[in-house]
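Single-structure report; data block below.
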Amino acid sequence: MASTSISFTARRLTRHAILTAGTCGSLISMTSALAGPLDYLATSPYLLGSWNGQRERLADAGVTFEFTYTNEAAHNLSGGTDRLTRAAQQLAAGVSVDLDKLWGVRHTTFNFELTDRFGRSLDADANLGTSQQTQEIYGRGQTVWLTKMTLDRTFIDGRLLVSIGRDSEGQSFDVSDCNFQNLALCGPQASNLYGDYAMSWPGSVWMGRVKYDTTASTYVQAGVYQQSPTYYEASWERRNAWLPTGAGGTDGAVLPVEFGFTPTLNGLKGTYKLGFMYNTGGQPDLVRDVNGNLRALTGLPAGQSSSSYNAYIAVAQQLTGKDGGEGLTVNLRGVWGDRATSALDRQMSLGFEYKEPFHRAGDRIGVGMAATHSSSRAADYQATYNALHPADASAVGRGYETTYELFYSWRVVPTVSLQPDLQYIVHPGGTSQNANAFVVGLKSTVYF
């Protein structure tokens with residue numbers, strides 16, 4: 001009971017700290033505004049401004065802060081059992097310390113970040129039956145997470161990076177932009193799809209990672225990440241996810257490796273990634289029980305595989321415009337998991353984003369589609385279970401859930417963006433038993 005109280009206190013303190021900083025910063029900004037126009041709103045990258053110059057002075061000394069608030073609202077016009085509106089939210093607070101500038105520890109940086117997630121899921125409350133969430137920000141428990149606590153050091157003129165501490169696979173491997181609101185089109189697919197052993201934002205585990213730039217446009221990286229089922233238990237998340245100590249119960253390690261190519265084609269940069277993750281801790285078998293018999297028949301606990309794995313590719317290439325500026329970029333991604341343990345065994349996505357449409361700095365248009373496939377082995381288990389327990393039957397998904405999304409991100413001022421979006425999900429959960437869902441969303445982001 002005491003640990004639960006501490007967790008609640010941590011959440012209140014996280015929100016209180018950010019809101020207090022916001023209040024103080026706003027007072028400073030308002031004081032400055034009284035002496036002149038509110039020009040800083042049109043130019044400052046932070047809503048709280050420079051803290052009367054303190055932010056710049058701290059940055060010069062090697063200490064930089066980042067505070068963000070994100071809200072993802074969604075309403076289903078069709079699909080599910082109810083017509084509902086739900087909002088999922090996130091507060092994030094982070095600090096990066098250049099120890100070379102601050103204390104003379106050469107080529108070394110310390111990073112720390114806490115994330116608080118709260119709100120409701122449209123997919124769950126409206127019973128959409130989706131495999132991929134319409135609000136990507138919902139997940140990993142509605143609680144405070146220690147998202148990052150790493151010590152990074154570079155060697156060999158910056159070509160070799162060594163990172164140790166608490167982090168997730170998804171923050172370094174299969175890294176992709178997360179500009180869409182649907183999870184199928186957002187962020188690292190490998191960690192999203194196989195997040196029961198490959199940790200994704202905002203969670204973290206104990207880890208070590210090495211990255212080496214083999215040439216100016218190629219790299220290879222590998223890591224060792226703690227694997228413990230405890231990290232994925234809701235009760236542990238609520239009480240302990242914010243603590244730097246991490247979880248016990250280690251039963252293996254996740255070993256990711258990635259090869260990257262970052263060419264410049266026709267003056268426009270791109271990134272091409274090929275990766276593989278191997279989990280030595282294994283995962284529950286989808287069909288067989290601990291004795292090797294059909295789990296749907298015996299009702300016994302699932303058998304444990306000796307290992308599990310996934311492989312992925314990720315391509316992002318700017319096609320038109322100015323390098324890094326206005327223009328069209330294509331994103332193509334795919335991930336595949338092992339058949340024995342992966343309820344979702346593959347996913348492919350294709351997205352196009354146009355940066356700075358109408359010459360509006362910070363604005364962005366995006367359109368994308370993704371196909372997420374439900375495992376036939378998982379479907380066989382569910383079909384057998386349904387036949388034996390008709391009163392407790394669930395939809396059987398053995399096909400593709402196909403997601404389409406269109407968004408326009410409007411940068412109101414440099415510190416605030418509003419992003420309305422339309423999502424259409426065909427065969428949620430990979431089955432025609434679930435009605436297609438048409439979802440209207442609004443993603444709001446504030447940079448403090």
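The values are calculated or read from the model by the stated rules, or taken from the named source; none is laboratory data. Here the structure is a predicted model, which is why all the values come from computation and not from measurement. Counting neighbours? That spans all protein chains shown, and the Cβs are built from the backbone with ideal geometry, glycine included.
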Looking only at segment 269-288, decide whether some residue is assigned to a helix (DSSP H, G or I) and charged (D, E, K, R).
-> no
Scanning segment 198-233 residue by residue, the ones that are among the aliphatic types (A, V, I, L, M) and surrounded by fewer than 18 Cβ atoms within 10 Å (Cβ to Cβ) total 5
Give just the number: which of (1) more than 21 Å from ALA343 (Cβ to Cβ); (2) touching a helix residue (DSSP H, G or I) at 6+ places or on another chain (Cβ under 7 Å); (3) at pLDDT 95 or above does ARG159 not satisfy?
-> (2)
Looking across segment 253-281 at residues that are polar (S, T, N, Q) and under 20 Å from the mean Cα position of the chain (by Cα), the single one that is farthest from ILE313 (Cα to Cα) is ASN279
Can you tell me which residue in segment 363-405 is nearest to GLU136 (Cα to Cα), limited to those that are of a type in the set (D, E, K, R) and without any contact (Cβ under 8 Å) to a residue 40 or more places away in the chain?
-> ARG398
Filter result for the condition that a residue is in contact with a strand residue (DSSP E or B) (Cβ under 7 Å, 6 or more places away or on another chain), within 30 Å of ILE365 (Cα to Cα) and without any contact (Cβ under 8 Å) to a residue 40 or more places away in the chain, over SER121, SER217, SER131 | SER121
Residue count, segment 135-193 (criterion: among the hydrophobic types (A, V, I, L, M, F, W, C) and either part of a strand (DSSP E or B) or surrounded by fewer than 22 Cβ atoms within 10 Å (Cβ to Cβ) (or both)) | 13
Taking segment 210-244, which residues are assigned to a loop (DSSP other than H, G, I, E, B), among the hydroxyl-bearing types (Ser, Thr, Tyr) and either at pLDDT below 95 or closer than 12 Å to ARG140 by Cβ (or both)?
-> SER228
Do we find that MET207 is more than 15 Å from ILE313 (Cα to Cα) and assigned to a loop (DSSP other than H, G, I, E, B) in this structure?
-> no
Can you find even one residue in segment 380-400 that is surrounded by 21 or more Cβ atoms within 10 Å (Cβ to Cβ), modelled with pLDDT of 90 or more and in a strand (DSSP E or B)?
-> no
Segment 254-305 - residue that is of a type in the set (Lys, Arg) and touching a residue at least 24 places away in the same chain (Cβ under 8 Å) and, of those, surrounded by the fewest Cβ atoms within 10 Å (Cβ to Cβ) | LYS269
In segment 74-109, which residues are more than 30 Å from ILE425 (Cβ to Cβ), without any contact (Cβ under 8 Å) to a residue 60 or more places away in the chain and under 21 Å from the mean Cα position of the chain (by Cα)?
-> GLY94, VAL95, SER96
Could you please find all residues in segment 309-322 being surrounded by 14 or more Cβ atoms within 10 Å (Cβ to Cβ) and either among the aromatic types (Phe, Trp, Tyr) or in a loop (DSSP other than H, G, I, E, B) (or both)?
-> TYR309, TYR312, LEU319, GLY321
